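Trainee: Handing you a structure now.
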Protein chains: 2
Amino acid sequence: MHSHAAVALFVRRILLRSVVSPGEVQALSGLEGRRVQASRGQDLVLPGHGVHHATLLVSGLLARFDQMADGRRQITALHIPGDMADLHSVPMPLPAWGIQALVPSVVLQIPHGDLRGLAERKPAIAMAFWRDTVADASILAKWTANLGRADAVTRTAHLICEMGMRMEAHELDQRHDFALPITQAQLADALGLTTVHVNRTVSTLRQECGVLFEQGRVRVGDWTGLVRRGNFDDGYLMLDVKA
Amino acid sequence: MHSHAAVALFVRRILLRSVVSPGEVQALSGLEGRRVQASRGQDLVLPGHGVHHATLLVSGLLARFDQMADGRRQITALHIPGDMADLHSVPMPLPAWGIQALVPSVVLQIPHGDLRGLAERKPAIAMAFWRDTVADASILAKWTANLGRADAVTRTAHLICEMGMRMEAHELDQRHDFALPITQAQLADALGLTTVHVNRTVSTLRQECGVLFEQGRVRVGDWTGLVRRGNFDDGYLMLDVKA
DNA sequence: CGTTCGATTGATGTTCTTCAATATGCGTGG
DNA sequence: CCACGCATATTGAAGAACATCAATCGAACG
């Protein structure tokens, strides 16, 4: 995908939740950044290190993560193409989290100054950016709730539903068949499990709901069953707000 | 505490992380709201219901929570006096989360319109509000990481450290002796545990680090030990950023 | 053709939950 | 003032979920 196509995807994402004037859309669409290629496993942002740009994912798959003292990681967000993975860093340039490429990925590093300037000149854009990070936090809160109160199979089913819905809402794929080139070890870091248990959990969902992980894609045989198994309700994704 | 004192506390909190001009401070300080008394356990905001005001805690203790289908709750944030518990709702007035009073509390309901107006007229205030919700999300990410990767005792120790640091940073109390009138059942909802296990966990910390829950207060005998036990590093609280 | 990474499976151990009972403090009505 | 009821804290025993350790298998790749 071309860089400007990624920016267009980001703008579309913003427009999904916020009302922005044509002039402001144009200003957003004019955003530019440095194109960077990341290898599999590469850390693009390190926890506790300052950054001066936000990371727009062009292609691939990114994870925001927190690191324990012993090096173990917990993934706190997954980002798909068109996501600005750390728009947060615009008001908070010294983040406690890190960003990692889960597969070879291409990102656009957009200077904080440009985003900040845009937000300062256009209140509607400031509000739209703010809203975007709140939607991100809403997803994070749901992950917290699931980690605290749902068992492994439920949590995994929920995550698959979430990624499917997001892929579909952002018109990248269909909910029951979408790109998610993630290993079981990476899934384990996202779900707060061990790789061994992820393997058994995925196997359960394969039998119960026809969930297949193949060729870096997820295919869901029984979507309705998966939604039920994961207690999934898409309200928290904030896909139909418009303010 | 008087309502205007609570607003002052909120303003001080904003100033902790953001540079705001004197005129803007004055505008913030002029915020007013409806004073509401909440009884113990009362839900102030219900998940999935629209709101038209943000909730500033004057006195007491609030929890933001997510609710499972079977009614079980997971607390995703604890709020102390001076916190705006759902500043998030300004850009996102249909939240997926709820807000509950854990003890009899007094809140100030501040109209979204006033906050939104302020943010639109003063870019620095918009940025400060945005920054505040990002700091809140940073705490949430840490909770997610701990729920996913830390055991019960570590998680509990971490939470106590966090609340102590926040109380001290906001000049409400000292880190090793502060008000936290929370029951073990409520702690369980925050830590993703059962009340029984919270009881045993708290008992362990009482022995290992001299942690006492008494009279609605927490007292910590061995703060350094507790920090070590909880792998606590306060960077994620964003207490020393200034932008 | 060997090496490496990821997926898979089995056996065993630990953590946390569940169920159940008892204790303790505190407010309320008698 | 005392008796009672209710919420919270505490403890014990048994079970379930998940982790840990260890090994095998298969595919991709140099």
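Trainee: Considering (1) more than 16 Å from DNA strand C (Cβ to nearest atom); (2) buried (at least 16 other Cβ atoms within 10 Å of the Cβ); (3) among the charged types (D, E, K, R), say which one B:D233 fails and leave the rest.
Mentor: (2)
Trainee: Does B:Q174 satisfy the condition of being away from DNA strand C (no atom under 16 Å from the Cβ), over 27 Å from A:A188 (Cβ atoms) and away from chain A (no Cβ under 11 Å)?
Mentor: yes
Trainee: Let me ask you something else. For a quick check of your reading of the model, give me the residue pairs whose first member lies in region B:143-161 and is within 12 Å of chain A (Cβ to nearest Cβ) and aromatic (F, W, Y), whose second is within 13 Å of DNA strand D (Cβ to nearest atom) and in a helix (DSSP H, G or I), with beta-carbon atoms closer than 7 Å and at least 6 apart or on different chains.
Mentor: Pairs found: none.
Trainee: I'd like to know if region A:14-28 contains one or more residues that are more than 16 Å from DNA strand D (Cβ to nearest atom) and under 15 Å from the mean Cα position of the chain (by Cα).
Mentor: Yes - at least one qualifying residue is present in region A:14-28.
Trainee: Can you name the residue in region B:1-24 that is closer than 14 Å to B:L108 by Cβ and open to solvent by 20 Å² or more (accessible area, probe 1.4 Å) and, of all such residues, is modelled with the lowest pLDDT?
Mentor: If we take residues in region B:1-24 being closer than 14 Å to B:L108 by Cβ and open to solvent by 20 Å² or more (accessible area, probe 1.4 Å), then B:M1 is modelled with the lowest pLDDT.
Trainee: Among the candidates B:G33, B:G71, B:G50, which residue alone is more than 20 Å from the chain's Cα centre (by Cα), open to solvent by 30 Å² or more (accessible area, probe 1.4 Å) and over 26 Å from B:K142 (Cα atoms)? Break it down into steps so the answer makes sense when it comes.
Mentor: Working: B:G33 fails: more than 20 Å from the chain's Cα centre (by Cα); B:G71 fails: over 26 Å from B:K142 (Cα atoms).
Going through B:G33, B:G71, B:G50 in turn, just one is more than 20 Å from the chain's Cα centre (by Cα), open to solvent by 30 Å² or more (accessible area, probe 1.4 Å) and over 26 Å from B:K142 (Cα atoms): B:G50.
Trainee: Also: Which condition number does B:R131 fail, the rest of (1) open to solvent by less than 10 Å² (accessible area, probe 1.4 Å); (2) among the charged types (D, E, K, R); (3) within 16 Å of DNA strand C (Cβ to nearest atom) being met?
Mentor: (3)
Trainee: Moving on. Please go through region B:94-140 and give me each residue that is at the interface with chain A (Cβ under 7 Å from one of its Cβ atoms) and not in a helix (DSSP H, G or I), ordered by number.
Mentor: Correct list: B:L94, B:A96, B:W97.
Trainee: Right, something else. Quick check on this structure: which one of A:G192, A:G221 is over 20 Å from A:G60 (Cβ atoms), within 16 Å of DNA strand C (Cβ to nearest atom), of a type outside the set (K, R) and within 12 Å of another protein chain (Cβ to nearest Cβ)?
Mentor: Matching residue, one of A:G192, A:G221: A:G192.
Trainee: What are the residue pairs meeting all of these: first residue in region A:179-203, first residue under 17 Å from A:H158 (Cβ atoms), second residue part of a loop (DSSP other than H, G, I, E, B) and within 8 Å of DNA strand C (Cβ to nearest atom), Cβ atoms under 9 Å, and 6 or more apart or on different chains?
Mentor: Between residues of region A:179-203 that are under 17 Å from A:H158 (Cβ atoms) and residues that are part of a loop (DSSP other than H, G, I, E, B) and within 8 Å of DNA strand C (Cβ to nearest atom), the close pairs are A:A190/A:I182.
The values are calculated or read from the model by the stated rules, or taken from the named source; none is laboratory data. Model, not experiment: these values are computed from the prediction. We place every Cβ from the backbone using ideal geometry, glycine too, and count neighbours over all the protein chains shown. Accessible surface areas use protein heavy atoms only, side chains included; no ligands, DNA or RNA. Shrake-Rupley method; radii C 1.70, N 1.55, O 1.52, S 1.80 Å.
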